[in-house]
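We did not get these values from a lab; they are worked out from the coordinates using the rules stated. Predicted model, so just to flag it, every value in this text is computed and none were measured. Don't worry about glycine lacking a Cβ; one is built from the backbone with ideal geometry, like all the others, and counts go over all protein chains shown.
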Amino acid sequence: MPRISAFVLYMLGIFLVSACTITSFPSTPGMQNPRSSTATPGEMTLRGDSHGMRPIGDNTAPLAVQAIGGQPLSYRLENGVKVFELTAQTVRWPILEEVLVTAMTYNGTVPGPMIKVTEGDQVKVVFTNQLEEPTTIHWHGIEVPNAMDGVPGITQAPILPGETFTYEFVAKPAGTFIYHSHYESDRQVSAGLYGPFIIEPRSPQHSQPDVDVTLMLSEWLIRGGETYPAMPMSGMEPNYFTINGKAYPDTGTLHVKVGQTIRLRLIGIGQFIHPMHLHGFPFKVTAIDGHPVPESAQQIMDTLSVAPGQRFDIEFTPTEPGRWMFHCHILHHTTNNNADPGGLMMIIDVTP
Ligand SMILES: [Cu+2]
């Protein structure tokens with residue numbers, strides 16, 4: 001009898017806990033109930049209609065007008081507020097001169113333009129969705145009000161095709177951040193919906209570097225001439241890897257001089273980890289996820305794993321001239337469709 005009572009109490013407890021914690025998801029237009037769309041175990045690899053397995057567009061999107069992504073976005077001042085404009089649009093984007101992907105972009109480039117402001121600035125981003133599917137923008141790492149956090153079905157309704165939504169917040173804290181889609185993000189972020197968001201300190205504690213470069217690491221899957229969102233799922237693994245939307249040798253050469261202080265802001269925005277290795281010189285990690293590392297705690301290393309969503313600011317001073325490589329040390333990630341060299345490599349050209 002005592003055992004039965006304990007069992008009854010146990011079941012009653014489960015019922016009460018369930019009743020208290022399960023809330024219903026709002027049914028927003030264009031968005032499936034997250035629970036009903038969850039594939040059951042074993043079903044995952046059999047479903048051909050999984051959103052992640054659909055190609056991005058049909059290759060009829062217009063060719064990108066600009067060649068380089070991540071360039072500073074200009075703004076207009078309205079009553080002391082810095083107003084930026086972003087438009088999500090699909091373009092054909094060259095990750096190599098002869099290799100184009102169909103990309104979902106902000107303002108037609110991969111990465112989207114760099115939003116650069118100063119700590120404490122009032123920021124407004126007027127965002128228009130010209131995709132053929134809903135989307136939202138999440139401000140990764142920035143301390144925005146909850147209603148501005150960009151999570152569909154949780155903090156806002158998905159922004160439907162043709163709609164405009166205005167995000168507004170105070171830029172804080174200082175550091176290296178990201179803006180990216182949070183709608184079917186495994187698909188939309190892999191397709192290119194991301195950009196760098198840099199918040200400069202209002203009163204810098206340390207001298208600023210001579211060279212300050214932001215590098216966003218990501219992956220692509222091109223199969224049968226079509227672009228798919230690359231992800232760690234059987235059959236969806238990437239065959240191209242990009243730094244700021246370009247694969248080596250189109251990653252561009254960084255030209256610096258002996259004795260200069262070089263800051264690289266590394267951002268993992270794909271769905272794979274990348275141990276980035278620098279030839280020739282060690283570097284120190286000066287900020288993690290935007291937050292400064294105290295000088296006494298700054299680690300000195302030459303290989304640093306950058307996981308999805310992470311940001312590391314690293315700094316080094318070249319002492320020896322030459323063409324020095326900076327590359328991922330998962331060596332398959334330095335190939336283009338299995339041909340070496342390619343992918344996540346770039347040259348740092350140090351001159352006297
Ligand atoms: Cu890698």
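Computed values, structure above
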quantity	calculated
Residues with amide H under 5 Å from that of H138, placed H, sequence gap 5 or more	H180, S181, H182
Gain upon complete extension [D349, R202; 0.36 nm per residue less C-alpha separation]	49.8 nm
Efficiency of FRET from Cβ geometry, E132 and L63, R₀ 22 Å, rounded to 0.05	0.80
Listed peptides 340-350, 54-64 by packing density, highest first (mean Cβ within 10 Å)	340-350, 54-64
Cross-link table K257/K284; K82/K116; K172/K284; K246/K284; K116/K284, entries beyond 20 Å C-alpha to C-alpha	K172/K284; K246/K284; K116/K284
Whole-number D in µm²/s for the range 52-200 (Stokes-Einstein; Kirkwood sum over Cα pairs; 37 °C, 0.692 mPa s)	212 µm²/s
³J(HN,Hα) computed for each position of the range 94-106 - Karplus, 6.51 cos²θ - 1.76 cosθ + 1.60, integer Hz, glycine/proline x	x, 7, 9, 3, 10, 10, 10, 10, 8, 10, 8, 10, 9
Options S218, G69, G245, ranked by Cα towards positive dipole end of the chain, top entry (Cβ charges)	S218
Other-chain or far-sequence residues with amide H under 5 Å of T87's (modelled H)	N107, T128
Charge context of N59, other residues only, Cβ under 13 angstrom, K/R +1, D/E -1	0
Summed residue charge, Cβ within 12 Å of G343's Cβ, Lys/Arg positive, Asp/Glu negative	-2
Enclosed volume per residue, in Å³, of the convex hull spanned by Cα atoms of the chain	189 Å³
Listed peptides 305-311, 317-323 by packing density, highest first (mean Cβ within 10 Å)	305-311, 317-323
The range 211-351: antiparallel DSSP beta bridges as a percent of all, rounded to 5	75 percent
Within the range 267-292: backbone nitrogen closer than 18 Å to the M301 label point (7 Å, Cα to C-beta)	267-270, 272-292
Helix 2-21 axis, angle to the chain major axis (alpha carbon atoms, nearest 10°)	60 degrees
In Hz, Karplus ³J(HN,Hα) per residue of the range 67-84 (6.51, -1.76, 1.60; θ = phi - 60°; x = Gly, Pro)	8, 10, x, x, 7, x, 9, 7, 9, 10, 8, 10, 6, x, 9, 7, 9, 10
Net length gained if the chain between H255 and T319 were fully extended (0.36 nm per residue, minus Cα distance)	21.6 nm
Distant-in-sequence amide H partners of T227 (H built 1.01 Å from N, under 5 Å)	I56, T102
Cβ-placed point charges (K, R +1; D, E -1), dipole of the chain about Cα centre in debye, nearest 20	480 debye
Coil-residue trypsin sites (Lys or Arg not before Pro) of the range 215-294, DSSP, other Cβ within 10 Å capped at 13	none
Beta bridges by DSSP in the chain, antiparallel share as percent, to the nearest 5	70 percent
Counting DSSP beta bridges with both ends in the range 116-203, the antiparallel % (nearest 5)	80 percent
